[in-house]
Amino acid sequence: MQSEAEPHALHAAIIMDGNGRWATSRGLPRIAGHRRGVEAIRRTAEACPDLGIGTLTLYAFSADNWQRPADEVGGLMRLLRSYLRNETQRLARTGTRLSVVGRRDRLPAGIPEAIVAAEAATVEGRRLHLRICVDYSARDAIIAAARRLEGGEATRESFGQMVAGEMHGSPVEVDLLIRTGGEKRLSDFLLWEAAYAELHFTDRMWPEFGEEDLAAAMTDFAARDRRFGGLKSSRVMVAA
Ligand code: FPP
């Protein structure tokens, strides 16, 4: 697909799994894994443009994650708040446009406003579109879009726009979907947008993920033969 950043740039999406296991295996509280996970976000996002990735979508907090213990949820929300406050300048400096995708009405006070401010401050970013999913559910987005359908009139394109719009997102097809942490499932992430995504699973725990892992995923992706249900192969050009 064509990304908003530059023609031919790819859309990669990552389920950042393994923070808790990384931390507990070191005798640390789970939140320490999430904290290290923020550093992995920075490393990974900054590696994207040179690897030919123009849009990066990260799954930071699912609608089902509210079920976690209150101290973990509170810790994650504090991390999000400080990320929005402290990272905006760096994002703007590195040409990164930030969007936060997901529901905003259940977030703690002040965070929706911080999201609007961070998005406005980075809107000129052209090297990378970084989309962070918070309180996100692909199923809820699809149900909400279906409820708004009038007379059943929809195309894949128009319905895709509605699905994305339900979560404050834009309709962007996923090219490569990566999951870290050794599990192999989609966990209600971008179910509509990832219809033809190539899947890459790695045992690397998210806090340790970085440029080399992303490059390895891109090498794997470059070897795939994408046919989109047809017979014609469309191999993807990937940056060297
Ligand atoms: C899944 O790993 C990870 C999460 C639910 C949270 C991801 C959050 C971050 C990387 C940092 C916060 C993000 C921002 C933008 C500030 P898990 O904890 O379920 O791992 P486990 O399977 O090992 O328990």
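The values are calculated or read from the model by the stated rules, or taken from the named source; none is laboratory data. Just so it is clear, the model here is predicted, and its values are computed rather than measured. Cβ: placed from backbone, ideal geometry, glycine included. Neighbour counts: every protein chain shown. Quick note on the areas: whole protein, heavy atoms, side chains included, nothing else; ligands and nucleic acids left out. Shrake-Rupley method; radii C 1.70, N 1.55, O 1.52, S 1.80 Å.
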**Prompt:** Taking all protein chains as present, what is the carbon and sulfur share of the accessible area of the chain, in % to the nearest whole number, probe 1.4 Å?
**Reply:** 50
**Contact order normalised by residue count of the chain, Cα under 8 Å, 6+ apart, percent** = 26
**Average accessible area per residue (Å²) across region 1-142 - probe 1.4 Å, nucleic acids and ligands excluded** = 45
**Item:** Exposure rank, largest accessible area first [Arg104, Arg179, Arg68; 1.4 Å]
**Value:** Arg68, Arg104, Arg179
**Request:** Among Pro49, Pro108, Pro207, determine the one that fluctuates most according to a GNM of the chain built with springs between C-alpha atoms less than 10 Å apart.
**Result:** Pro108
**Signed unit charges on C-beta, dipole axis of region 76-185, positive-most listed residue Ala164, Leu128, Tyr83** = Tyr83
**Prompt:** Which shape class applies to region 2-160: rounded if a/c is under 1.5, otherwise prolate when a/b exceeds b/c and oblate if not, where a ≥ b ≥ c are the square roots of the Cα gyration tensor eigenvalues?
**Reply:** oblate
**Request:** Putting +1 on Lys and Arg Cβ atoms and -1 on Asp and Glu Cβ atoms, find which of Gly20, Thr57, Thr44 reaches farthest to the positive end of the dipole of region 16-63.
**Result:** Gly20
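Suppose a student asked you for the relative contact order of region 62-132, using Cα pairs under 8 Å spaced at least 6 residues apart; what percent would you report? Before the final figure, lay out the partial values.
Values: 69 pairs, mean separation 27.4, N = 71.
Reported relative contact order: 39 percent.
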**GNM flexibility winner over the chain from Glu153, Glu212, Glu72 (Cα, springs under 10 Å)** = Glu153
**Alpha-carbon centroids, region 56-111 and region 167-240: separation in whole Å** = 22
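Please give me the summed charge of the neighbours of Ile143: other residues whose Cβ is under 12 Å from its Cβ, Lys and Arg +1, Asp and Glu -1.
Details: positive: Arg139, Arg147, Arg148; negative: Asp140, Glu166, Asp188.
That works out to 0.
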**Complete:** Measure of exposure for Thr219: accessible area at 1.4 Å probe, Å² rounded to 10, is 100
**Complete:** Net charge near Glu72 (other residues with Cβ under 14 Å of its Cβ; Lys, Arg +1; Asp, Glu -1) is +3
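For Leu176, what charge total do you get from the other residues with a beta carbon under 13 Å from its beta carbon, if Lys and Arg give +1 and Asp and Glu give -1?
On the way: positive: Arg179, Arg224, Arg226; negative: Glu173, Asp175, Glu193, Glu198, Asp213, Asp220.
Once all neighbours under 13 Å are counted, the net charge is -3.
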